[in-house]
Amino acid sequence: MSASVQSLKLLFVSTSVGPLGSGLGGGVELSVYNIAQEMIRRGHQLQIVAPAGSTWDSLPLIQIPGNLQIIAQSLKRTDPITMPENSVLANMWDYARQVQDNYDLIVNFAYDWLPFYLTPFFRCPIAHFVSMGSLSDALDQIIIQTSKQFPGTLGFYTPSQAATFPELTSPIYYLSSGIDLSLYQFCAEPKQQLAWLGRISPEKALEDAVAVAEITKIPLKIMGKIQDESYWQQICRDFPKSCFEYLGFLPTAQLQQVVRECQALLMTPRWVEAFGNVAIEALACGVPVISYSRGGPAEIVQDGKTGFLVEPDSVAGLVNATQRIHEINRHTCRQQAEEEFSLKALGDRFEKWFKEIIF
Ligand code: HBI
């Protein structure tokens with residue numbers, strides 16, 4: 001199927017760990033939503049294949065039944081690849097195989113072995129958006145093999161994320177991220193509170209942010225999906241209820257209502273965070289970001305200008321930065337979001353990548 005330069009026919013195949021809208025897909029859910037919305041706005045034709053139960057009513061979804069994948073970050077590096085009975089991942093890709101001739105490009109958003117392995121079996125080109133850093137030897141191998149066999153078809157959020165995969169074949173595309181800035185309202189006068197956003201799972205080290213709240217006596221507002229219940233219960237046992245409040249997994253409109261009134265967003269990644277969509281959501285509200293200097297956030301935060309980057313895993317470093325937060329001009333935070341993370345900037349990067357694969 002030849003693609004006319006104006007309008008591409010795109011098939012997005014989603015992450016396999018949760019229906020779209022559930023929050024289980026973490027930052028990549030927000031990325032798929034924003035990229036899809038922007039491609040449609042630009043006049044491209046798009047369908048999104050996603051696990052049944054997805055609740056995005058404003059985007060064209062094809063809902064596929066089946067059992068979810070285990071989240072990759074809960075596995076050991078040497079674990080073999082696992083597939084559940086009646087795998088939703090396998091079912092989504094069997095659907096993509098059946099309809100592939102109706103599309104110019106298939107875009108994979110799942111961080112799983114199968115889509116990479118299937119690439120040579122498809123007639124339609126496949127672009128792989130890799131949403132996390134290296135986690136598994138078997139996955140590293142198939143990702144690197146795909147980059148060798150299909151150069152230019154792998155996209156990452158950031159260079160520090162891509163650097164966790166040894167010897168990828170160039171060209172490597174760094175797509176960064178972007179959000180609909182019109183959904184985030186600037187706030188000049190914050191309340192005496194801090195924010196923490198994200199999947200509640202050990203690699204996000206929420207306990208360090210709660211420790212900051214306990215030490216500084218500045219209450220912490222926690223938002224995001226509880227992905228690891230026992231981990232969350234441990235935090236609730238280890239810290240006094242007075243220093244934090246869990247507000248649940250909120251849609252963007254409600255999330256930004258809370259975040260915009262915070263003095264800062266704390267980011268405490270224990271792992272190499274591929275990007276950190278929550279950082280640009282905070283910046284869009286004028287909220288400075290205080291983060292461990294590690295992975296994606298270290299490439300987003302302008303240290304001393306739109307937040308602070310502190311020594312990784314140092315709670316004392318986070319506390320010190322929290323006490324200096326008045327040095328940051330909140331307008332500069334919003335300005336950085338507008339300059340680097342708009343939907344237009346995101347769409348330009350993805351459209352360029354897609355066209356370089358197709359043509
Ligand atoms: N694990 N197996 C697997 N597959 C995914 O697509 C996946 C995951 N863990 C986390 C995840 N996707 C997303 O939350 C992150 O990529 C943002």
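A few points about this structure:
- Listed residues Ile142, Ile35, Ile200, most fluctuating in the chain (Gaussian network, C-alpha, under 10 Å): Ile142
- Residues Gln234 and Glu85, FRET efficiency given R0 of 41 Å [Cβ-Cβ distance, rounded to 0.05]: 0.85
- Taken one residue at a time, the phi angles of the stretch 171-187 give Karplus couplings (6.51, -1.76, 1.60, θ = phi - 60°) of x, 9, 9, 9, 9, 6, 8, x, 9, 7, 4, 5, 8, 10, 9, 5, 10 Hz. Gly and Pro are set to x.
- More than 22 angstrom apart: percent of Cα pairs within the stretch 181-340: 32
- Annotation: the residues Tyr184, Tyr117, sorted from fewest to most other C-beta atoms within 10 Å of their own C-beta, follow the order Tyr117, Tyr184.
- For Pro251, neighbours were defined as the other residues whose beta-carbon sits under 13 Å from its Cβ, and their charges (Lys and Arg +1, Asp and Glu -1) total -3.
- Highest-fluctuation residue, Asp348, Asp137, Asp238 considered, GNM on the chain with Cα pairs under 10 Å: Asp238
- The local environment of Leu181, defined by Cβ-Cβ distances under 9 Å, has a net charge of -1 under the rule Lys, Arg +1 and Asp, Glu -1.
- Using bins of 10 Å that start at zero, the share of Cα-Cα pairs per bin across the chain amounts to 5, 25, 34, 24, 10, 2, 0, in whole %.
- When the trypsin sites (Lys or Arg not before Pro) in the stretch 162-255 are filtered for DSSP coil states and for at most 16 other beta-carbon atoms within 10 Å of their beta-carbon, the remaining sites are Lys191, Lys217.
- Between Ala316 and Asp101, the FRET efficiency from the beta-carbon distance, with R0 = 51 Å, is close to 0.30.
- Residue of Ile106, Ile81, Ile222 that the Gaussian network model of the chain assigns the largest fluctuation, springs spanning Cα pairs under 10 Å: Ile81
- Using a simple spin-label model with pseudo-atoms 7 Å out from Cα toward Cβ, Gln6 and Asp57 lie 3.2 nm apart.
- Cut-off 17 Å (backbone N to label point 7 Å along Cα→Cβ of Thr332), residues of the stretch 288-308: 288-291, 298-308
- Zone of Tyr117's modelled label, taken as backbone nitrogen in the stretch 40-69 under 16 Å from a point 7 Å along Cα→Cβ: 69
- Extension gain for Ala163 to Ile226 (0.36 nm times residue separation, less C-alpha to C-alpha distance): 19.8 nm.
- The lysine pair count for the stretch 181-340, using Cα distances under 22 Å and pairs eight or more places apart or on different chains, is 11.
- Counting other Cβ atoms within 10 Å as a rough exposure proxy, the listed residues Trp56, Trp353 run Trp56, Trp353 from fewest neighbours to most.
- Hydrophobic long helices, here whole DSSP H runs in the chain with Kyte-Doolittle means of at least 0.0 and Cα atoms spread over 20 Å or more along the helix axis, are found at 26-41.
No lab work stands behind these numbers, since they all come straight from the coordinates. Note that the structure is a prediction, hence the values are computed from the model and not measured. Here the Cβ is made from the backbone with ideal geometry for all residues, glycine too, and neighbour counts use every protein chain on show.
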